[in-house]
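Asker: Here it is, the structure in full.
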Amino acid sequence: MSLIQTISFPPLGDDRGSLVALEANKAVPFDVKRVYYIFGTLPHVSRGFHAHRALKQIAVCVAGKCRMILDNGKFKEEVWLDSPTKGLLITELIWHEMHDFSPDCVLLVLADEHYDEMDYIRDYDDFKQLILGRKHV
Ligand code: TYD
C-alpha cells in the first residue's frame, strides 16, 4: 500500500489560462472546514514534523513546489508537490514533513476540521508509540 494518495484536479483551461475549482465532497473527499496556506518560506526551512490524531487534509502547491515526506511509523515515502493540479491526501496518523520549498511556493491546505492543537502529535517518539499501540499519548 502506498502512502502517496494524489488527486488530480482537472484544470478548466481556455485561451485565457487555467482555473481549478475544488468542491467539498467532490475532488476534495471531505467537508472542508478550514483552509490555510504557507508561503514566503525561508531558504533551508523545513516545516510540518507532526501527525494528526484525526484530521484529514489535502495539500496542493498552487505556486512553486515542495517535497513532502509521509511516514506511517513503519515506512516513509516522498512526493514532490509541483503542480497546481496535484493534490495530496494526508490522512490521520501520518507523520508529515515539508522540505525544499521553492521561494515562490504557496502551499494551500484544505482541512476537515478547525484548528485544534490537541489533535497534533508533535513528538516523533510519541507518534511511533501510538502507532505501535504501546502508549496512550
Ligand atoms: P504549525 O502547524 O506548527 O505549522 P507547520 O506544521 O506548517 O510547520 O503551525 C504554525 C503556527 O500557526 C502554530 O502556532 C499554530 C498556528 N496555526 C493556527 O493558528 N491555525 C492553523 O490552522 C494552523 C495550520 C496553524
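Asker: Within a 10 angstrom radius of the beta carbon, how do Arg16, Arg53 rank from fewest other beta carbons to most?
Answerer: Arg16, Arg53
Asker: When Lys and Arg each count +1 and Asp and Glu each count -1, what net charge do the other residues less than 14 Å away from Met1, Cβ to Cβ, add up to?
Answerer: With Lys, Arg at +1 and Asp, Glu at -1, the net is 0.
Asker: Do any GluC sites (Glu not before Pro) in segment 70-137 lie in a loop, going by DSSP, with at most 15 other beta-carbon atoms within 10 Å of their beta carbon, and if so which?
Answerer: Glu92
Asker: Pairs Lys76/Lys128; Lys56/Lys86; Lys33/Lys65; Lys26/Lys65; Lys33/Lys56; Lys65/Lys86: which are spaced more than 19 Å apart, C-alpha to C-alpha?
Answerer: Beyond 19 Å between Cα atoms: Lys33/Lys65; Lys26/Lys65.
Asker: Note down the net charge around Ile69, summing +1 for each Lys or Arg and -1 for each Asp or Glu among other residues with Cβ under 12 Å from its Cβ.
Answerer: Result for the local shell: -2.
Asker: Something else now. Assign unit charges at the C-beta atoms only (+1 for Lys and Arg, -1 for Asp and Glu), then state the dipole size of segment 1-60 relative to its Cα centre in Debye, rounded to the nearest 20.
Answerer: 360
Asker: Between Val106, Val28, Val20, find the one with the highest GNM mean-square fluctuation for the chain; connect C-alpha pairs within less than 10 Å.
Answerer: Val20
Asker: With the chain treated as a Gaussian network of Cα nodes joined by springs under 10 Å, which of His99, His44, His52 yields the largest mean-square fluctuation?
Answerer: Most flexible of the set in this elastic network: His44.
Asker: Under a Cβ-only charge scheme (Lys and Arg +1, Asp and Glu -1), can you give me the dipole magnitude of segment 74-137 about the Cα centre, in debye to the nearest 20?
Answerer: Once rounded to the nearest 20, the dipole reads 360 debye.
Asker: Could you size up the charge dipole of segment 1-105 around its Cα centre, putting +1 on the beta carbon of Lys and Arg and -1 on that of Asp and Glu, and report it in debye to the nearest 20?
Answerer: For this selection, approximately 300 debye.
Asker: Would you work out which of Gly48, Leu12, Trp95 lies farthest towards the positive end of the dipole of segment 8-137? Charges go on Cβ: Lys and Arg +1, Asp and Glu -1.
Answerer: Projecting each Cα onto the dipole axis, the largest value belongs to Trp95.
Asker: Next up: Relative contact order of segment 7-137: what whole-number percent is it, with Cα pairs under 8 angstrom and at least 6 residues apart?
Answerer: Answer for segment 7-137 is 33 percent.
Each value in this text was obtained by applying a stated rule to the coordinates, not by laboratory testing. Keep in mind the model is a prediction, meaning the values are calculated, not measured. Please note: Cβ atoms are built from the backbone with ideal geometry, for glycine as well, and neighbour counts cover all protein chains shown.
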